[in-house]
Amino acid sequence: MNKKVLFVDDDPSILKAIDRLFLDADIEILKAEDAKKALKIIQDQIVAVIFSDNIMPGMHGIHLLSMVRDISPDTVRILMTGYVDLQTAISAVNDGEIFKFIVKPWNNDSFVQTAVEALERYKLTQSLKRADVPALRSLAQTIELKDNYTSGHCDRVAAFAQLISEALGLSEELQEYIKHGAWLHDCGKIGVQEAILNSNSKLEDREWEVVRKHPIWGADVVTLAELNPVIVNIVHYHHERYDGKGYPAGLKGKDIPLEARIVAVADVFDAITTNRSYRNQRPVEKAVDILLAEKGTQFDAELVDIFIKNLDKVRNLIGKEAVSLK
């Protein structure tokens, strides 16, 4: 796998510190003192990840990373910034210019972890571009390993979503794309730290904001991999709510793509009926009560009715997955 990581900073002491930090890492370090040299490297070779300081003579980092996105869209872009321009960095993340930002002075462990996660994201994008159906499922299962409580989640969500799709009479081709999207719906969690995913306490506001970004990060990955728009929609919008109070876009009602509305029902049902870091699994009956209570608010009422109408089939699917539910 390509492990070239380019660091751009006009301060030579910063680049030397980075050299020492990654001395024993299995990463090929590239360095540039300004944006012009960085662009030359990007044009001459394939770079997996680029870290850039923001305030630099000649061209700021955000502008540089925007140009890198046009030249090498698969390159994962990370901004290093001081507190003075923190809001600029946040805006860049929200606009999709960059994957993450690092505030100076950084924590060394977090800095290295960000590089590792960025390389994982690059690897995921490249794998998706070459992937066949078994590979897509395998990738989804690999992502699940970040969260101790989601083993088998992607398979179950795909099965539940396919059951709803069949009941709606959707075409076999569309059903297949929905299955693939359900497998990959949480692929954006590749950018969320495991400590956050496995937290058994209430998340702090800053941690919750990181979690809320995973649909955007995931949609960016599957878009770069040129997967079908149905898959992109599922990854991007599976946390939207029918009443418009979801995330990341706050879409409402039928503005939420049908495929995302289907997976939303399947995703929440499985989350309720399996163990999570923050609570124990609940019975199917309790999950049904929650779905009914959220009809027309969190979920599309028609899809909830279809799912519950096929509850016997749902139980059969749960049995096949060897999930122990009361």
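The values are calculated or read from the model by the stated rules, or taken from the named source; none is laboratory data. No experiment lies behind these values; they were computed from the predicted model shown. Quick reminder, even Gly has a Cβ in these numbers, built from the backbone with ideal geometry, and neighbours come from all protein chains shown. These accessible areas exclude ligands, DNA and RNA; they are computed on the full protein's heavy atoms, side chains included. Shrake-Rupley method; radii C 1.70, N 1.55, O 1.52, S 1.80 Å.
Can you find a residue in the stretch 131-149 that is touching a helix residue (DSSP H, G or I) at 6+ places or on another chain (Cβ under 9 Å), at pLDDT below 90 and within 17 Å of Phe51 (Cβ to Cβ)? No, the conditions are met nowhere in the stretch 131-149.
Please state which of the following conditions Arg261 fails to meet, knowing it meets all the rest: (1) free of Cβ contacts under 8 Å to residues at least 24 places away in the same chain; (2) of a type outside the set (A, V, I, L, M); (3) under 30 Å from Ser127 (Cα atoms). Unmet for Arg261, out of (1) free of Cβ contacts under 8 Å to residues at least 24 places away in the same chain; (2) of a type outside the set (A, V, I, L, M); (3) under 30 Å from Ser127 (Cα atoms): (1). Glu207 fulfils the conditions (1) over 22 Å from Gln126 (Cβ atoms); (2) in a loop (DSSP other than H, G, I, E, B) except for a single criterion, (2).
If we keep just the residues of the stretch 288-308 that are touching a helix residue (DSSP H, G or I) at 6+ places or on another chain (Cβ under 8 Å) and over 17 Å from Glu240 (Cβ atoms), which is surrounded by the fewest Cβ atoms within 10 Å (Cβ to Cβ)? Only one residue tops the list, namely Leu292.
A residue that is at pLDDT below 95 and touching an Asp or Glu at 6+ places or on another chain (Cβ under 6 Å) occurs nowhere in the stretch 112-123. Filtering Ala161, Ala167 for residues that are assigned to a helix (DSSP H, G or I), farther than 25 Å from Ala135 by Cβ, over 15 Å from the mean Cα position of the chain (by Cα) and modelled with pLDDT of 85 or more leaves a single hit, Ala167.
Beta carbons closer than 7 Å, at least 6 apart along the sequence or on distinct chains, pair a first residue in the stretch 102-119 that is open to solvent by less than 10 Å² (accessible area, probe 1.4 Å) with a second that is not in a helix (DSSP H, G or I) for Phe111/Ile102; Ala115/Val5; Ala115/Ile27; Ala115/Val49; Ala118/Val49; Ala118/Val76; Ala118/Ile78; Ala118/Phe99. Answer yes or no as to whether Glu285 is of a type outside the set (Phe, Trp, Tyr), open to solvent by 40 Å² or more (accessible area, probe 1.4 Å) and either under 20 Å from Glu173 (Cβ atoms) or in contact with a Pro (Cβ under 9 Å, 6 or more places away or on another chain) (or both). Answer is no for this residue. Can you confirm whether the stretch 32-43 contains a residue that is among the β-branched types (Val, Ile, Thr), at pLDDT 95 or above and under 26 Å from the mean Cα position of the chain (by Cα)? Yes, the conditions are met somewhere in the stretch 32-43. Yes or no: Val232 open to solvent by 20 Å² or more (accessible area, probe 1.4 Å) and either of a type in the set (Ser, Thr, Tyr) or in contact with a helix residue (DSSP H, G or I) (Cβ under 6 Å, 6 or more places away or on another chain) (or both)? The answer is yes for Val232.
Residue pairs whose Cβ atoms lie under 9 Å apart, separated by 6 or more positions or on different chains, with the first residue in the stretch 290-303 and under 19 Å from Glu259 (Cβ atoms) and the second polar (S, T, N, Q), are Leu291/Gln298. If you filter the stretch 72-100 down to residues that are open to solvent by 40 Å² or more (accessible area, probe 1.4 Å) and part of a loop (DSSP other than H, G, I, E, B), you find that the one that is modelled with the highest pLDDT is Pro73.
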